[in-house]
1. Could you tell me which of the residues A:31, A:47, A:26 is facing chain B (nearest Cβ under 10 Å), part of a helix (DSSP H, G or I) and modelled with pLDDT of 95 or more?
2. Scan the range A:73-100 for residues that are of a type in the set (Phe, Trp, Tyr) and touching a strand residue (DSSP E or B) at 6+ places or on another chain (Cβ under 8 Å) and jot them down.
3. Within the range A:184-193, which residues are more than 7 Å from chain B (Cβ to nearest Cβ) and open to solvent by 10 Å² or more (accessible area, probe 1.4 Å)?
4. When residues of the range A:73-114 are filtered for being within 16 Å of DNA strand D (Cβ to nearest atom) and open to solvent by 50 Å² or more (accessible area, probe 1.4 Å), how many remain?
5. Evaluate the following for residue B:196: is it within 13 Å of chain A (Cβ to nearest Cβ) and assigned to a loop (DSSP other than H, G, I, E, B)?
6. Please enumerate the residues belonging to the range A:15-29 that are touching a Ser or Thr at 6+ places or on another chain (Cβ under 9 Å) and open to solvent by 20 Å² or more (accessible area, probe 1.4 Å).
7. Quick check on my filter: what residues within the range B:135-146 are within 11 Å of chain A (Cβ to nearest Cβ) and outside any loop (DSSP other than H, G, I, E, B)?
8. Tally the residues that are within 10 Å of DNA strand C (Cβ to nearest atom) and either within 11 Å of chain B (Cβ to nearest Cβ) or at pLDDT below 95 (or both), restricting the search to the range A:70-84.
Number of protein chains: 2
Amino acid sequence: MASGRTHRPATRSRGIPEATVARLPLYLRALTGLSERSVPTVSSEELAAAAGVNSAKLRKDFSYLGSYGTRGVGYDVEYLVYQISRELGLTQDWPVVIVGIGNLGAALANYGGFASRGFRVAALIDADPAMAGKQVAGIAVQHSDGLEKIISDNGVSIGVITTPPSVAQQVCDRLVAAGVTSILNFAPTVLSVPDGVDVRKVDLSIELQILAFHEQRKAGEEAALNEAAALAAPVGRADSTDQGPDGDVPAVMPA
Amino acid sequence: MASGRTHRPATRSRGIPEATVARLPLYLRALTGLSERSVPTVSSEELAAAAGVNSAKLRKDFSYLGSYGTRGVGYDVEYLVYQISRELGLTQDWPVVIVGIGNLGAALANYGGFASRGFRVAALIDADPAMAGKQVAGIAVQHSDGLEKIISDNGVSIGVITTPPSVAQQVCDRLVAAGVTSILNFAPTVLSVPDGVDVRKVDLSIELQILAFHEQRKAGEEAALNEAAALAAPVGRADSTDQGPDGDVPAVMPA
DNA sequence: ATGTCTTTGTGAACGCGTGCACAAAGATGG
DNA sequence: CCATCTTTGTGCACGCGTTCACAAAGACAT
């Protein structure tokens, strides 16, 4: 309606499927663990178990990167670490800015996993003048007036938004205008960005709601099971579309 | 290899596809916004735009819940809010515990979106004795010794893990043993849980790495484009499988 | 009451991701 | 050098999710 699109239609990057890209960091983490324990080689079966995926899936994923394994032996851990790191672009340094230094922003600034692999917190930015100059995770918070200059001076292309939702879009617009082309959004809002800008969303509330759904389903199944056992008769309406699995009193009545 | 599985094979809950469940919170948020602005009805087109999805997808999603729309008019906002809330299990109160009150745990405890929709922080738990008794987000932190009692006393079925990765699995095991059946894991580790327990993972580092991949790809394409323009000749090898998009010097050499 | 117009609900086609199962490849031992 | 054994790499089939396109359904005006 307004400006750009939000979810680019899965651009199948250079033949590497998006689903595979999403798993590469998982493999990399497992491999790093093996590397630290000086394990020289690993089979697809072992690595898959460590990463929590199917071994066939893992082999197919690696096949998109090329043939880096040795049949009858497995994969060379160090070599694979390097290959995946390079594929993910982690052999270079990515300066990132975090905008919105509340509880979450501060937590991210302190998060060790950030700096560990190719990412460097180039700046912390907040709109509150009282925050400016304060040290968070050893970095001085800067006022958002200087956002554009900070972005261009540091060559930042990745921005993290941890602001309240009400200002997230406008922060996003400024980041994009200043040259940021990848955004990690923690604000519970749908961001509109022009084509060519990637947005990934992390939404705590949504994750919990999905868990609640499954939790309710489990409770409902259990209840139905107990009920069926008590009545010694099958339920039989497991697929009706009217009521939920439980017959509790609604908390809100629709008009 | 050790105990249970990690990724249950997409259990197609009660006919509602997993992908649809993941979008329901999105619709709910958009609808809540409309509700607060007292908008009575909304078309699939408008709501889809607000939620950032395709309108056909939205209609199909809603069709799994039943026929709640009116042809020629659209959907009743209040009614839909209620139906989705009920479907997600948000009409009841879910007590959750947060284990690991570091920066991230504290940020989550303060996160408003938690309490807003059916979720209530029942307890904050930390292994550090120095943290015990401290107030975070108005709630006293309790020592992890009492974890099992806290879980059962409050009837907690959802646990959030924000501990260091080294202890995440053992915290997870204790949560599950105490009766928790849904876990939201922020620790960068693969958790093993028995069947019947749901785990969702939020991994900041992985999200950033995925962004870095696309960022690198964009930079590579741009470079290739510039190169091509400079040479005034087409590239032609856009799908070769050997090298990466850039021919830069490797930072690490494999054995 | 009837026709027109809007918007839903869904059948059908398509594409992506997953997992099986096996042939090819290489290591290893005799 | 040959046989055997392990493990990779992949062809293939299947199922889920997405999207198109349209018929059915209802509102609304006349």
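1. A:26
2. Keep residues of the range A:73-100 that are of a type in the set (Phe, Trp, Tyr), which gives A:75, A:79, A:82, A:94.
Hits for the range A:73-100 are A:75, A:94.
3. Of all residues in the range A:184-193, those more than 7 Å from chain B (Cβ to nearest Cβ) come to A:185-187, A:189, A:191-193.
Passing the criteria: A:186, A:189, A:192.
4. Count: 4.
5. Criteria met by residue B:196.
6. First, pick out the residues of the range A:15-29 that are touching a Ser or Thr at 6+ places or on another chain (Cβ under 9 Å): A:15, A:18, A:21, A:25, A:28-29.
Selection gives A:15, A:18, A:29.
7. Within the range B:135-146, just B:136 meets the criteria.
8. So the count comes out to 0.
The values are calculated or read from the model by the stated rules, or taken from the named source; none is laboratory data. If you're wondering where the values come from, they're calculated on a predicted model, not measured in any experiment. Using ideal geometry, Cβ is built from the backbone for each residue, glycine included, and neighbour counts are taken over all protein chains shown. Just so you know, the surface numbers come from the protein's heavy atoms only, side chains and all, with ligands and any DNA or RNA stripped out. Shrake-Rupley method; radii C 1.70, N 1.55, O 1.52, S 1.80 Å.
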